[in-house]
1. Taking the beta-carbon count within 10 Å as an exposure proxy, list E244, E206 from fewest neighbours to most.
2. With a cut-off of 8 Å between alpha carbons and a minimum separation of six or more residues, what is the relative contact order of segment 207-256 in percent?
3. Working from Cα positions, state the angle (0 to 90°, nearest 10) between the long axis of helix 2-18 and the longest principal axis of the chain.
4. (1) 14.3; (2) 21.0; (3) 17.9: which one is mean projected area of the Cα convex hull in nm² as calculated from this entry?
5. Please list log₁₀ I(q)/I(0) at q = 0.11 Å⁻¹ for segment 151-215, using the Debye equation with identical point scatterers on the alpha-carbon positions.
6. Say we join alpha carbon atoms closer than 10 Å with springs in a Gaussian network model of the chain; which of E228, E44, E146 then has the biggest fluctuation?
7. Grab the Cα-Cα distance for R58 and E44, subtract it from 0.36 nm times how many residues apart they are, and report the gain in nm with one decimal.
8. With r as the distance between the Cβ atoms of E156 and R30 and R0 = 35 Å, compute the FRET efficiency 1/(1 + (r/R0)^6) and round to 0.05.
Amino acid sequence: MGVLRHAISEFLRHTVYYGGLSGLLCYFNRQPRILMLHGVGTPELPVDVFRVQLSFLRRFFQIVPLEQVWQADCPGIRTPPRVALTFDDGLRNNFKLAYPILKELNVPATFFVCPGLIDSGRWLWNHECRARLEWLSVKGRRLFAEEVESESADAEAITRKLKYMPHFRRRQAEKQLAEATPDFAPTDRQHQNFDIMTWAELKALEPGLITIGGHSTNHEILTQLNSEQLEREVAQCRTWLERELGRPVNHFCYPDGAYNAQVISSVGCHFVSAVTTREGWVPAEPSLLELPRIAISLNVVDLAWTMHRATG
């Protein structure tokens, strides 16, 4: 039954895209969407696929800055449904590979960045942990998995375990992992996938095209922080970015999509809106601090499908 269901799904996806139904479905479903992207030029999203996906979006949607996506349609004016593009993490490949295409096609987007990482040049902690775990021998990973009480010695499983540890314990585990991998050296591919934009690169982005948003100061899991740490991660993020860029920073993105009532309250004191990793279209009367998004797909056929059926 699972094989049959998959085959039917594949048939429907190809029918929507190659049969020309995308435009018709857009006509009937005009709810705004926010797309969630991370790296470009990675195995998950090669540059040529990204360009094709942008061409599809420009054909059937009105790509707008984030702050315009939840605005009401003008009465009597029929325009394509709105979509906003958002890029998490402030990766350098967003500047080197995505931005030139966005600029060429005049497509606006929002880049959510972490000023603490920009200033230090460090990777996101989970990217570094994953890379160091892959550097370890199988035996070394098993020993580390036992240390952090992970049921699996798989690098991805251990990283997931670390994400939702208490903050102080995760930092201890990071230190242990660094001590276990003193000779770790990133590959060229890892540099391309995980390096962070510099301040100079961030400031070189055209403000009229690229909106800068906050992604916390250091990409911490906000639900694992105490009140003082949470306030520092959120408030300092905006203050630091506005000081460096000389313009307002109004939008926020929850690291790893993790938030609760306390996190929402803190973010709401400093930002106008916040995007989540919760799947869905933007409702008519959205909660601006819990905006849903649609994750970018691996190919344009799947993207056409998810843009009309946001939960996949």
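1. On the way: E244 16, E206 11.
Lowest count first: E206, E244.
2. Working: 47 pairs, mean separation 27.4, N = 50.
The value is 55 percent.
3. Its long axis makes an angle of about 50 degrees.
4. (3)
5. Ignoring solvent entirely, the Cα scatterers give -0.47.
6. Of the options given, E228 has the highest mean-square fluctuation.
7. Working: separation 14, 0.36 × 14 = 5.04 nm, distance 2.12 nm.
This chain segment gains 2.9 nm when fully extended.
8. Values: r = 38 Å, r/R0 = 1.08.
Between R30 and E156 the formula returns 0.40.
None of the figures in this text is laboratory data; all of them are computed from the coordinates on show. Note that the coordinates shown come from a computational prediction; the quantities given were computed from them, not determined experimentally. Here the Cβ is made from the backbone with ideal geometry for all residues, glycine too, and neighbour counts use every protein chain on show.
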